[in-house]
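The values are calculated or read from the model by the stated rules, or taken from the named source; none is laboratory data. Bear in mind that the values here come from a model prediction, so they are computed numbers and not experimental data. Cβ atoms come from the backbone with ideal geometry, glycine included; neighbour counts cover every protein chain shown.
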Amino acid sequence: MTDLPEEFLHRMEDMLGDEYRDFLSGYDKPRLYGLRVNTMKISPRKFREISPFPVKPIPWVKNGCYYGEEDRPASDPYYTAGVYYLQEPSAMTPAGRLPVEKGDKVLDLCAAPGGKATELAARLNGTGILVANDISNARAKTLLYNLELFGAKNIFVTNEKPGRLSDVFEGWFDKILVDAPCSGEGMFRKAPDVAKTWDEQRPLYFAKIQKDIVSNAVNMLKPGGMMLYSTCTFSPEENEGMVSRLREEHPEMELADIDPYDGFCPGVPSWGDGKEDLKKCVRIWPHHMQGEGHFLALLKKKSLQTEDEDSLVRKKRTGRTGNLSKSGGLSKEEHRSLRKFLDDMGIQDDCIPVESDRLESRGGKAYLVPELPEKVSRLHFLRNGLLIGEFKKNRFEPSQAFAMTLSADLCGEHICLRREDERVARYLRGETIQAPEEVRSQKNGWKLICVDQFSLGWGKLLNGVIKNKYLPAWRKN
């Protein structure tokens, strides 16, 4: 059994009563392993058919699968192609239960390393915008990597404190996910080291941090918008207690129903302000479900009483949104260079809207940018939109991020290698490889290199040899 702190065990016994022994016995069971299918690249059903290792569905997550401890999905080329993300099964629940719709403006406020952000990006599927933030610069870099690996286009990745974001995005988002930093009690089985750092003051310490984060999140939410608050802890102070304090300070926020599942347990009113609607919260207990501990609360911001829908639309039209950069679109020469590359590659027009005013050139690089408030220029960000590539003298060189948004059926000039082909591993290490015999007669030049139909990156075909253009920072040792 995981070595658990005595104070934690005493509190859990008080909380659970007759269920305590069942809860405790769960720590003798092995942890469960999960992956979440990237629905921008493949359907869950199709993935289960082609998966190179045995998987079975996670019943409450439509695109989630369990895999065995003996499998090594992170070493598989499909992982490097962004076909799936490795994530603990219960941790898949928050992003799946936030009711994101196409075209929404969505914020993932505490987003690194990207498990929930990648799912939100897949739900948007190139529409609307996802602002993904983490206060740590190092973690934000990992977040950006995972989003680009997944093939996300419509992203704004920031590295800011919530208060700084709140100053810029007041009343702007349709949906917000706050997977708050917490004492991590629900992860003790998965990560025993977390238990070693726990003491009885940690829930109170994190509750103060959570209060600041959620207050700023409420400020950034539109009237009528929805926020999902989640933690991976059992502590009442960080769960029902936090929701109670939030509603006391922000009476415009009301609890909403979460899409149910048989194994979900309701929130406990007595662990908060005593109001019966706290039962709309969801607790995931490891002794009731095949996953670790989690808490979820879905809240809706009441619509404004003093402004009708038409007045809100007029606000949008009077400068509340705009592009980050003042550099404008591409020059005529840059436009021609990009257009020629896309045409030569046989890349479908809807992949990159060349005539769109959302194309920008900054520092000799081409970006497809989302619409954002003008004040975002004050923020520290790692990526605004999709980096398409770089303009060099008399040519255009595509980016790794652009490659990951494509597939063999979207790009005429491609080379597909079978997953079992030893050249896949060599390509991912950055080596030059021989082209398959059947494509050696193709014209020389840029090619999208794929594992089966899934893109990995770029290469240049030259007389039957593929010169490696896989991004050096992504290469495998």
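Quick check, is residue 121 over 20 Å from residue 222 (Cα atoms), aliphatic (A, V, I, L, M) and in contact (Cβ under 8 Å) with a residue 24 or more places away in the chain? Answer is no for this residue.
Among the residues of region 135-158, just one is in contact with a helix residue (DSSP H, G or I) (Cβ under 7 Å, 6 or more places away or on another chain), among the aliphatic types (A, V, I, L, M) and either surrounded by fewer than 24 Cβ atoms within 10 Å (Cβ to Cβ) or on the phi > 0 side of the Ramachandran plot (or both), namely 149.
Scan region 441-459 for residues that are farther than 16 Å from residue 390 by Cα, surrounded by 14 or more Cβ atoms within 10 Å (Cβ to Cβ) and not aliphatic (A, V, I, L, M) and jot them down. Even if it seems obvious, please write down each step before you answer.
Going residue by residue through region 441-459, those that are farther than 16 Å from residue 390 by Cα are 441-445, 447-456.
Still in the list and also surrounded by 14 or more Cβ atoms within 10 Å (Cβ to Cβ): 442, 447-456.
Scanning region 441-459 gives 442, 447, 450, 452, 453, 454, 455.
Taken together, the criteria exclude residue 97 from residues that are in contact with a Ser or Thr (Cβ under 9 Å, 6 or more places away or on another chain), charged (D, E, K, R) and farther than 20 Å from residue 217 by Cα.
Those residues that are modelled with pLDDT of 50 or more and either surrounded by 24 or more Cβ atoms within 10 Å (Cβ to Cβ) or more than 30 Å from residue 24 (Cα to Cα) (or both), I need them from region 297-315; list them, please.
First pass over region 297-315, keeping only residues modelled with pLDDT of 50 or more: 297-305.
The answer is 297, 299, 300, 301, 302, 303, 304, 305.
Among the conditions (1) charged (D, E, K, R); (2) over 27 Å from residue 38 (Cα atoms); (3) surrounded by 23 or more Cβ atoms within 10 Å (Cβ to Cβ), the only one that residue 161 does not satisfy is (3).
How many of the residues in region 167-208 are in contact (Cβ under 8 Å) with a residue 40 or more places away in the chain, surrounded by 20 or more Cβ atoms within 10 Å (Cβ to Cβ) and not in a loop (DSSP other than H, G, I, E, B)?
Of all residues in region 167-208, those in contact (Cβ under 8 Å) with a residue 40 or more places away in the chain come to 167-190, 192, 195-196, 198-200.
Add one more test, that the residue is surrounded by 20 or more Cβ atoms within 10 Å (Cβ to Cβ), and what stays is 169, 172-173, 175-180, 182-190.
From what is left, the residues that are not in a loop (DSSP other than H, G, I, E, B) are 173, 175-179, 185-187.
So the count comes out to 9.
Output the residues belonging to region 460-477 that are touching a Gly at 6+ places or on another chain (Cβ under 6 Å), more than 13 Å from residue 398 (Cβ to Cβ) and crowded, with 16+ Cβ neighbours inside 10 Å. Within region 460-477, 466, 468 meet the criteria. Here residue 417 fulfils each of the conditions (1) farther than 30 Å from residue 112 by Cα; (2) surrounded by fewer than 19 Cβ atoms within 10 Å (Cβ to Cβ); (3) not acidic (Asp, Glu) apart from (2).
Taking into account only those residues within region 331-378 that are in contact with a strand residue (DSSP E or B) (Cβ under 7 Å, 6 or more places away or on another chain) and at positive phi, which is surrounded by the fewest Cβ atoms within 10 Å (Cβ to Cβ)? Restricting to residues being in contact with a strand residue (DSSP E or B) (Cβ under 7 Å, 6 or more places away or on another chain) and at positive phi, the top hit is 364. The set of residues in region 347-365 being among the hydroxyl-bearing types (Ser, Thr, Tyr) and assigned to a strand (DSSP E or B) consists of 361 alone.
Residues are listed down the side, and each one gets a yes or a no for (1) free of Cβ contacts under 8 Å to residues at least 40 places away in the same chain; (2) surrounded by 21 or more Cβ atoms within 10 Å (Cβ to Cβ); (3) farther than 25 Å from residue 186 by Cβ:
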residue: 14; (1), (2), (3): yes, no, no
residue: 24; (1), (2), (3): yes, no, no
residue: 36; (1), (2), (3): no, yes, no
residue: 43; (1), (2), (3): yes, no, yes
residue: 67; (1), (2), (3): yes, no, no
residue: 71; (1), (2), (3): yes, no, no
residue: 77; (1), (2), (3): no, yes, yes
residue: 82; (1), (2), (3): no, yes, yes
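Is at least one residue of region 96-103 over 23 Å from residue 281 (Cα atoms) and crowded, with 24+ Cβ neighbours inside 10 Å? Checked against the condition, which is being over 23 Å from residue 281 (Cα atoms) and crowded, with 24+ Cβ neighbours inside 10 Å, region 96-103 yields no hits at all. Residues that are part of a loop (DSSP other than H, G, I, E, B) and either in contact with a His (Cβ under 9 Å, 6 or more places away or on another chain) or within 22 Å of residue 189 (Cβ to Cβ) (or both) within region 217-266 comprise 232, 233, 234, 235, 239, 261, 262, 263, 264, listed in sequence order. On the basis of being crowded, with 21+ Cβ neighbours inside 10 Å and touching a strand residue (DSSP E or B) at 6+ places or on another chain (Cβ under 8 Å), does residue 132 make the cut? Yes, satisfied.
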